[in-house]
1. Distance in nm between label sites at MET1 and PHE61, each 7 Å beyond Cα in the beta-carbon direction?
2. For the stretch 1-80, which GluC sites (Glu not before Pro) are both in a DSSP coil and crowded by at most 14 other Cβ atoms within 10 Å?
3. What does the charge count around ARG39 come to, taking other residues whose C-beta lies under 13 Å from its C-beta (Lys +1, Arg +1, Asp -1, Glu -1)?
4. Taking 8 Å as the Cα distance limit and 6 or more residues as the minimum spacing, I'd like the relative contact order of the chain as a percentage.
5. Quick one: check the C-alpha center-to-center distance for the stretch 133-160 versus the stretch 33-87, whole angstrom.
6. Tell me, what % of the accessible area of the chain is carbon and sulfur with a 1.4 angstrom probe?
7. Candidates [x] -0.51, -0.79, -1.15; [y] -0.42, -0.71, -1.27; [z] -0.49, -0.80, -1.29; which is the computed log10 I(q)/I(0) by the Debye sum over Cα atoms at q = 0.11, 0.14, 0.18 Å⁻¹?
8. Taking 0.36 nm per residue of sequence separation and subtracting the Cα-Cα distance, how much length would be gained by fully extending the chain between LEU115 and PHE53, in nm to one decimal?
Amino acid sequence: MNHYKISALEPGQYQVSHQDQIIGHWIYPKWYARHSEIRLSNERIWQVKPKSFWGNTTEIFDAHGTLAEFKMCWNGSMQIQIFKPGQTHTFYFKQKGFWKTSYVLLDANKREICLVQPDLKWNRRHYDLTIEASEQFEALESKEIILFAIIACADYHIKSISSAAVSGT
């Protein structure tokens with residue numbers, strides 16, 4: 001298995017690395033921002049924004065169009081769609097178990113291709129992630145964009161859990 005590390009440099013700023021090489025950064029301009037930017041180490045820049053006011057569907061796009069879209073499903077999982085010319089690839093991000101704080105990324109056939117482990121520190125407002133990727137994931141053409149979609153999905157889930165814990169007190 002290959003390991004990817006997503007490090008929270010500060011609230012709203014994440015760095016993605018693999019074998020000590022930086023793949024890119026995800027940057028939110030403000031802690032409450034709905035729009036953000038992904039800056040890859042090869043100097044490409046992707047924009048991220050919700051598709052609607054409610055924010056249950058989010059797009060990653062560049063000057064050429066939409067690259068990916070992820071949305072919340074009725075069962076609590078998230079569907080990730082990667083768009084390539086003439087084809088769409090679908091993945092699912094979901095919690096590994098009801099009481100667990102780990103997540104999995106499934107391919108369209110519901111086979112596990114990544115395990116996502118958050119390093120939650122409740123005294124901080126941000127967290128790190130470790131992704132264990134299978135050989136099937138490594139063979140994907142769009143793995144960079146999927147990595148950033150995983151960050152967004154994990155962020156959404158962890159913030160949902162955090163807000164539920166705070167509102168329940």
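The values are calculated or read from the model by the stated rules, or taken from the named source; none is laboratory data. Being a predicted model, the structure only gives us computed values, none of them experimental. For neighbour counting, all protein chains shown are included, and Cβ atoms are generated from backbone atoms with ideal geometry for every residue, glycine included. To get the accessible areas, we keep the full protein, side chains included, count just its heavy atoms, and leave off ligands, DNA and RNA. Shrake-Rupley method; radii C 1.70, N 1.55, O 1.52, S 1.80 Å.
1. Those two pseudo-labels are separated by 3.6 nm.
2. Numbers: sites: GLU37, GLU43, GLU59, GLU69; in loops: GLU43.
Within the stretch 1-80, the qualifying GluC sites (Glu not before Pro) (loop, at most 14 other Cβ atoms within 10 Å) are GLU43.
3. Values: positive: ARG44; negative: GLU37, GLU43, ASP62, GLU144.
Neighbour charge sum, excluding ARG39 itself: -3.
4. Values: 310 pairs, mean separation 28.1, N = 169.
With pairs under 8 Å counted, the relative contact order is 17 percent.
5. Result: 12 Å between the Cα centres.
6. Numbers: 5110 of 9860 Å².
Answer for the chain: carbon and sulfur cover 52 percent of the accessible area.
7. Given [x] -0.51, -0.79, -1.15; [y] -0.42, -0.71, -1.27; [z] -0.49, -0.80, -1.29, the calculated one carries the label [y].
8. Values: separation 62, 0.36 × 62 = 22.32 nm, distance 3.07 nm.
So the chain would gain 19.2 nm between LEU115 and PHE53.
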